[in-house]
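What follows is one structure encoded as structure tokens, with my remarks underneath.
The values are calculated or read from the model by the stated rules, or taken from the named source; none is laboratory data. Just so we're clear, the structure is a prediction, and the values are computed from it rather than from any experiment. Note that each Cβ is placed from the backbone with ideal geometry, even for glycine, and that neighbours are counted across all protein chains shown. Please note that ligands, DNA and RNA were not included when accessible areas were found on the heavy atoms of the full protein model with its side chains. Shrake-Rupley method; radii C 1.70, N 1.55, O 1.52, S 1.80 Å.
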Amino acid sequence: MNKKHMAVKWRQLALVVTVALFLGAFALAPAVAQDATNILVWSLGYSGDYNDVLVERFNEAHEDVQITYEDVLTGTFTENNQKVRIALENEAGPHVLGGVDVGANLRALVSSGQVKDLTEYYRASGLIDRIPPLLLSQVTVEGRIYAIPQNMESVGIFYNKDVFAELELDVPTEWAEYIDVLEAVKDAGYYGYTMGLAGGWPSALMASMFMYSSAGTEYIDVLSGTQPWTDCDNCLDGMNAFYGMVENGYANPEPLGIDYDQSLDLFYQGITVMVLNGPWFIDDAVAAEPDFEIGFFYLPPVNPATDIKTLGGIGGSIIVAEYADVDAAFKVVEWLTTEEVAVQALREAFVLPAFSIEVPEDIDPLTYQIASETAANVDKIGFWPVTYLPPKVFGDMNQIVQGMIGGMLTPEELLSEMQETHSTYLAEN
Amino acid sequence: MAQSFSAPRKRAASPRFRIDLMPYLFILPAVVIYVIFNLGPVLASFFLSFFRWDLLSPTTEFIGFKHYNFILNDDRFWNALSHNFIFLGLAVVIPVSMGLFLAVFIYEIRKGRVFFRAALFLPAIFSGVVIAYVWKWIYHPFAGVLNPTLELVGLGAFTQSWLGNPKIALYSTFIAYTWASFGYSMVIFLAGLQDISTDIFDAARVDGANFRQKLFYITIPCLYDVFTFVITLRIFTAMGVFGVIYILTGGGPFYASDVIDIYVFRMIGNYEMGWATAAATVNTVVVVFLSTGFIKYREWRSWSS
């Protein structure tokens, strides 16, 4: 056999082996794919990178269900809500959505028939025993449970511990003490309260924190439209307290000339000493690496009799109604609420769980403090105003609060303006 | 003898009635794209304005002219529209006149023409978002460059919160808009200037015309059609201004810099699609009325003179 003939033989053999491998791969591939149920997920309730981490962990730990993650929700709160709504309405959405702002969206999703009723799954899994009743109310519509509470936020004051130590200040627990702290900070040449309201969005949240802090659940009646804004004297006290931050020189100058991000720079640079914010701030603060230690306390109540301690909201996991394999989808949702995943998320992504867990002490001290305080006050949360207000009225509220901070409206006029806006909307709808 | 049977030839159409399809075939792709991506959405938007729809519900509710009625009685809509008109009034004067004078300046100089043309046109090629963020930092009350510069040159009395003061917030956004837009006007005027025969300028020079006389008696009259185009362009951009204002002020503080497109965007953000599209439709009608009216007026003036 000559060399040429040998080469032809080898080529033929190589061809046969290649074809056999291809055929084998095609034959085996469907068998592997058929074994695992694929769940399309747009978010697991965390930032993009951490979603990737969780998906990898889930897929490693499960053989029967595999997550395919699409990083679609990369925009602002409003943009993401729009994407979800448009996709669901066009039957082009994912199977599972984690961390949906249930307060702002769940009722609309339920009334349009876009989400699965998870009541029976919820009871069977035993999750029902781990969710505080107030948080459970946020995922319940007309007695049925449509989302699994997953993570939560609660707002408080982050402060510069070094300045507090320098001025020998204690963490205030009452409103009068808080004012004393603001005065001391002001006398020392700092600004006590960080405020950046250009662009709008923190305005309504800050105003709401002060109104909850003074009116408590009465503010919920106002937001729900069952009590007129102008009849809520405690709300007025809250607004006077909020306006006092500007009027008395406690807040940084030009709060309407800088936006939220720019205002945080003032805090990181040590120009302001306290900032009202939520747990999402920790991630930002870690990245900013300020050269001082940050502490946390809840805003002392403007009215000592208030029954609400903080402002917050919860993210819930939902299963899209059109998706048939609820068992597989629920496996993903249930896994997200395991203690192991929750502790990891607390440790690695600074996200608080919306169900009871044993908060480990070996995590970042600031995260530990917020998680512990939130767990201790989980029945005293006033939910985001958009939970109760129509989105349009909430959007207007941001501008109207700017009007008060800029001196164009008094606190009384703010309440009148809100009443007019709210009642006009309700009359039109 | 072989006979040939052939169909009687059709008589060729007379040149007077022949329709040449070729030009239509050439523009067909553009027309299809225009209909799908421009005209279609505009018509769909107009149609949607008669319905209540929250982006989510599979059903929409027909409510007739209710959204139009609401918008036309909404003070905030008129407030936003009035700001568009202020913007428009300023936009047809300032960026246009800046563009004209810079174009004349560049046309007149002999050395460095390319450099100046590129340098002055540079802001126009930046994305509106980038420009808005640049100006956001220029206006920053603590870290911005504007207030310290004013203090440095002895104009400290004018330092203030450029975006936080409701009396000037709209005008502050207009400065950023002008910075981004005068370059377009300038290059269009420059192209128009280069079309004017140099013989006219040479003749004027021989007759002893000075710069002012050449500008007002030759340049501006010869750029009549260019003016029409540039101002029409300004009508479109001023009535549709969005990005710069949205990033700088979000329409605030307290609606002080609100314009129609931000009003519409806010409505969309609130899932009020019917209201949003009704407001957008009203704005479209206003823009069409203004631009068509302006063009017709210019044509009438051109014919009458």
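How far apart, in nm, are two points set 7 Å out from the Cα along the Cα-to-Cβ line at B:S82 and at B:D225?
Using points 7 Å along Cα→Cβ, the separation is 4.0 nm.
Cα to Cα, under 21 Å, and not fewer than 8 places away if on the same chain: which lysines meet these conditions relative to A:K161?
Cross-link targets: A:K186.
Given N residues in region B:60-161, what is Rg(Cα) / (2.2 N^0.38 Å)?
For region B:60-161, the normalised Cα radius of gyration comes out at 1.65.
How are the Cα pair distances of the protein assembly as shown distributed, in percent, across 10 Å bins from 0?
It works out to 2, 11, 18, 21, 17, 12, 9, 6, 3, 1, 0, 0, 0, in whole percents.
Kindly sort A:C232, B:C222 by accessible area of their heavy atoms, largest first, with the probe set to 1.4 Å.
Final ranking, largest accessible area leading: B:C222, A:C232.
Starting from the exponent 0.38 and prefactor 2.2 Å, build the expected Rg for region A:109-188 from its residue count and divide its actual Cα Rg by it.
For region A:109-188, the normalised Cα radius of gyration is 1.87.
For the pair A:E63 and A:D187, how long in nm is the line joining their label points, each one 7 Å along Cα→Cβ?
Taking the simple label geometry, A:E63 and A:D187 are separated by 7.1 nm.
Express the carbon and sulfur contribution to the solvent-accessible surface of chain A as a percent, rounded to the nearest whole number, probe 1.4 angstrom.
That fraction is 52 percent.
Over the Cα atoms of region A:264-358, what is the Rg over Rh ratio if Rh follows Kirkwood?
With Rg and the Kirkwood Rh in hand, the quotient comes to 1.09.
Tell me, what is the Rg over Rh of region B:76-304, with Rh the Kirkwood radius over Cα pairs?
Over the Cα atoms of region B:76-304, Rg/Rh equals 1.03.
When only DSSP loop residues count, what GluC sites (Glu not before Pro) in region A:79-184 have their Cβ near at most 15 other Cβ atoms within 10 Å?
A:E91, A:E142, A:E168, A:E174
Which value, to two decimals, describes the C-alpha radius of gyration of region B:40-106 once divided by 2.2 N^0.38 Å?
Its radius of gyration relative to the 2.2 N^0.38 Å reference: 1.80.
In nm, to one decimal, how far is the B:S302 label point from the A:E142 one, both placed 7 Å along Cα→Cβ?
In this crude spin-label approximation the distance works out to 6.3 nm.
What fraction of the Cα pairs in chain A, stated in percent, has a spacing above 41 angstrom?
The calculated P(r) of chain A puts 24 percent of pairs beyond 41 Å.
How high is the FRET efficiency between A:I363 and B:F289 when r is their beta carbon distance and R₀ equals 60 Å, given to the nearest 0.05?
About 0.45, to the nearest 0.05.
As an exercise, use a Förster radius of 35 Å and the Cβ-Cβ distance of B:F115 and B:L25 to find the FRET efficiency, rounded to the nearest 0.05.
With R0 = 35 Å, the Cβ-Cβ based efficiency is 0.20.
Using the Cα centre as the reference, give the magnitude of the dipole from point charges on the C-beta atoms of region A:282-380 (Lys, Arg: +1; Asp, Glu: -1; all else neutral), rounded to the nearest 20 debye.
420
Whole number in Å², please: accessible area per residue of region A:203-331, 1.4 Å probe, ligands, DNA and RNA not counted.
Per-residue value: 32 Å².
Which value, in square angstrom to the nearest 100, describes the accessible area buried between chains A and B on both sides, using a 1.4 angstrom probe?
3200
Calculate, in nm to one decimal, what A:E340 and A:E293 gain on full extension: separation in residues at 0.36 nm each, minus their alpha carbon distance.
Extra length from A:E340 to A:E293 when fully extended: 14.1 nm.
Where in region B:178-257 are there chymotrypsin sites (Phe, Trp or Tyr not before Pro) that are in a DSSP coil and have at most 16 other Cβ atoms within 10 angstrom of their Cβ?
B:F242
Over 26 Å between Cα atoms: which of A:K83/B:K167; B:K111/B:K136; A:K116/A:K331; A:K116/A:K309; A:K392/B:K66 fall into that group?
A:K83/B:K167; B:K111/B:K136; A:K116/A:K309
With point charges of +1 on the Cβ of Lys and Arg and -1 on the Cβ of Asp and Glu, referenced to the Cα centre of region A:54-192, which listed residue (A:H62, A:Y122, A:V155) lies farthest in the positive direction of the dipole?
A:Y122
Taking 45 Å as R0, compute the FRET efficiency from the Cβ-Cβ separation of B:I33 and A:L40 and round it to 0.05.
0.90
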